[in-house]
1. From (1) open to solvent by less than 10 Å² (accessible area, probe 1.4 Å); (2) within 13 Å of Ile167 (Cβ to Cβ), pick out the condition that doesn't hold for Ala68.
2. Pull up the stretch 79-97, narrow it to residues that are touching a residue at least 12 places away in the same chain (Cβ under 8 Å) and among the acidic types (Asp, Glu), then point me to the one that is nearest to Asn150 (Cα to Cα).
3. Which one of Phe76, Phe100, Phe142, Phe129 is in contact (Cβ under 8 Å) with a residue 40 or more places away in the chain, within 16 Å of Leu33 (Cβ to Cβ) and of a type in the set (Phe, Trp, Tyr)?
4. Cβ contacts < 8 Å: first residue touching a residue at least 12 places away in the same chain (Cβ under 8 Å), restricted to the stretch 150-164; second residue open to solvent by 70 Å² or more (accessible area, probe 1.4 Å), any location; separation 6+ or different chain. Result?
5. With respect to Asp24, determine if the residue is closer than 24 Å to Ser165 by Cβ and either in contact with a Leu (Cβ under 9 Å, 6 or more places away or on another chain) or of a type in the set (Val, Ile, Thr) (or both).
6. Of the residues Leu58, Leu106, Leu110, Leu43, which single one is open to solvent by 10 Å² or more (accessible area, probe 1.4 Å) and either at positive phi or aliphatic (A, V, I, L, M) (or both)?
7. Mind checking which residues of the stretch 137-166 are of a type in the set (S, T, N, Q) and either part of a loop (DSSP other than H, G, I, E, B) or open to solvent by less than 50 Å² (accessible area, probe 1.4 Å) (or both)?
Amino acid sequence: MGLFFAGALAAQPLTTPPAPPPLDPENTLLLDLSTGGRVTIQLRPDVAPGHVERMKTLVRKGFYNGLAFHRVIEGFMAQGGDPKGDGTGGSDLPDLKAEFNGLPHLRGTLAAARTDAPDTANSQFFIMFAPRLSMDGKYTVFGRVVSGMNFVDAIERGEPPASPSRILQASIAADNVAPPNFAAAAAPAAPAPAAVPVPAGTIAQ
């Protein structure tokens, strides 16, 4: 569930996207990353209400805390939101119906990952490093980074990365959750004596 296949379906006909509304704390996603800081993302319930509501529900359950960016491609995007860490996982909530809209895949765009079927987005998402307008109409765009993109740029690359970057904490701005101690989170951890490696799945691009 939630695999990311670029260009799997033909783009849907779209209308001109509406201008972003004013920033609203209830629809502002905060991602505190292990790369050293907080990323602020404006969510767009005006064009993708189901996806925004799902993100907010999972964030408020603490679902994303500690999850890795498991597929990160230079010049393309960083994908995360999978509790299995290999691209095959999701939440225990039902998959979402696609909400394809006119928002383009620009640098900083937040969109929902899915399988090659349109109505299979669940918890996984991706953030674009660079524009790729050929993806417009194929994935549900439901937000965009408004600050902290430098911390997204610093996410470790790889499929999967050798040392994946993580979401230390995800929150909604209206909840006034304080950021973590980024310096402490960046400190190297003591080696675990009996670590069990988790196999990573192969995901088609």
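The values are calculated or read from the model by the stated rules, or taken from the named source; none is laboratory data. Here the structure is a predicted model, which means the values were calculated and not measured. Note: ideal-geometry Cβ built from the backbone for every residue, glycine included; neighbour counts use all protein chains shown. Surface areas here come from the heavy atoms of the whole protein model, side chains and all, with no ligands, DNA or RNA. Shrake-Rupley method; radii C 1.70, N 1.55, O 1.52, S 1.80 Å.
1. Condition not satisfied by Ala68: (1).
2. By that ranking, first place goes to Asp82.
3. Exactly one residue qualifies, and that residue is Phe129.
4. Close Cβ pairs satisfying both conditions: Glu156/Ala162; Glu156/Ser163; Arg157/Glu74; Pro164/Glu156.
5. no
6. Leu106
7. Thr140, Ser163, Ser165
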